[in-house]
1. Somewhere in the range 99-115, is a residue part of a loop (DSSP other than H, G, I, E, B), open to solvent by 80 Å² or more (accessible area, probe 1.4 Å), of a type in the set (S, T, N, Q) and touching a residue at least 40 places away in the same chain (Cβ under 8 Å)?
2. In the range 65-97, which residue that is touching a strand residue (DSSP E or B) at 6+ places or on another chain (Cβ under 8 Å) and open to solvent by 50 Å² or more (accessible area, probe 1.4 Å) is nearest to residue 137 (Cα to Cα)?
3. Return a yes/no flag: does the range 119-129 have any residue that is open to solvent by 70 Å² or more (accessible area, probe 1.4 Å), closer than 24 Å to residue 4 by Cα and part of a loop (DSSP other than H, G, I, E, B).
4. Might you let me know whether the range 21-39 holds any residue that is out of contact with any Lys or Arg (no Cβ under 9 Å at 6 or more places or on another chain), in contact (Cβ under 8 Å) with a residue 40 or more places away in the chain and among the aliphatic types (A, V, I, L, M)?
5. Does the range 41-64 hold any residues that are touching a helix residue (DSSP H, G or I) at 6+ places or on another chain (Cβ under 8 Å) and either of a type in the set (S, T, N, Q) or open to solvent by less than 20 Å² (accessible area, probe 1.4 Å) (or both), and which are they?
6. Would you pick out the residues in the range 36-46 that are over 10 Å from the mean Cα position of the chain (by Cα) and of a type outside the set (A, V, I, L, M)?
7. Answer with yes or no whether residue 19 is β-branched (Val, Ile, Thr), closer than 16 Å to residue 108 by Cα and in a strand (DSSP E or B).
8. In the range 55-69, how many residues are under 13 Å from residue 42 (Cα atoms) and assigned to a loop (DSSP other than H, G, I, E, B)?
Amino acid sequence: MTKTIFNLNDKLSIGNYLVQNKIIQSIAQIRKIEKAGDGNMNFAVRIKTTGGSFILKQSRPYVEKYPQIPAPEHRVSMESRFYRLVSRSPGIVNHMPRIVHSDSDQDVLILQDLGELSSFEQIYSGYKMTRKEVDQLIDWL
């Protein structure tokens, strides 16, 4: 099977993939495809549909942000395994996205969209976490 390499502006390829894998019924359900944050390693988009939204990730044989740097091509398969393992833990499962679809042939992982959340990168430039944020982080850890 030939791997389809998705890109942000190719609604048709992404839509066909989603229809073929029964994620959506019709390409017409797609309202918007946008970058899902500042991902470095994988192609990651938020797909907004008439029925909600989800995150599609695809790993490539290189680092998404720096294509000249090679990376393990099948890394989303490992990420999928991680999500499956943590889904068995009652204390963690409520803090992690649910797997919607996983495809090792296309190196695709589709996850529940938890919304536009902060990555907390700002803590490296002096941001002070609130007590509530620290408590939530400790609870998750």
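1. No, because not a single residue in the range 99-115 is part of a loop (DSSP other than H, G, I, E, B), open to solvent by 80 Å² or more (accessible area, probe 1.4 Å), of a type in the set (S, T, N, Q) and touching a residue at least 40 places away in the same chain (Cβ under 8 Å).
2. Step one: of the range 65-97, the residues touching a strand residue (DSSP E or B) at 6+ places or on another chain (Cβ under 8 Å) are 68-71, 76-77, 79-80, 83-84, 87, 97.
Right, trim to open to solvent by 50 Å² or more (accessible area, probe 1.4 Å) and you get 68-70, 84, 87.
Values: 68: 34, 69: 32, 70: 32, 84: 21, 87: 18 Å.
This residue is 87.
3. no
4. Step one: list which residues in the range 21-39 are out of contact with any Lys or Arg (no Cβ under 9 Å at 6 or more places or on another chain), which gives 21-26, 28-29.
Next, from what is left, pick out any that are in contact (Cβ under 8 Å) with a residue 40 or more places away in the chain: 21, 23.
Checking which are among the aliphatic types (A, V, I, L, M) leaves us with 23.
Within the range 21-39, one or more residues are out of contact with any Lys or Arg (no Cβ under 9 Å at 6 or more places or on another chain), in contact (Cβ under 8 Å) with a residue 40 or more places away in the chain and among the aliphatic types (A, V, I, L, M).
5. If the condition is that a residue be touching a helix residue (DSSP H, G or I) at 6+ places or on another chain (Cβ under 8 Å) and either of a type in the set (S, T, N, Q) or open to solvent by less than 20 Å² (accessible area, probe 1.4 Å) (or both), then 42, 45, 47, 49, 50, 56, 58, 59 are the ones that fit.
6. Taking the range 36-46 first, the residues over 10 Å from the mean Cα position of the chain (by Cα) are 38, 40-41.
Result: 38, 40.
7. Numbers: β-branched (Val, Ile, Thr): yes; closer than 16 Å to residue 108 by Cα: yes; in a strand (DSSP E or B): no.
So residue 19 fails the test.
8. Step one: filter the range 55-69 for residues under 13 Å from residue 42 (Cα atoms), giving 55-67, 69.
Checking which are assigned to a loop (DSSP other than H, G, I, E, B) leaves us with 59-61, 63-67, 69.
Of the residues in that region, 9 qualify.
The values are calculated or read from the model by the stated rules, or taken from the named source; none is laboratory data. These numbers were taken from a predicted model, which means no experiment stands behind them. No Cβ is skipped: glycine too gets one built from the backbone with ideal geometry, and neighbour counts run over all protein chains shown. For the accessible areas, the whole protein counts, side chains as well, though only heavy atoms, and no ligand, DNA or RNA atoms are used. Shrake-Rupley method; radii C 1.70, N 1.55, O 1.52, S 1.80 Å.
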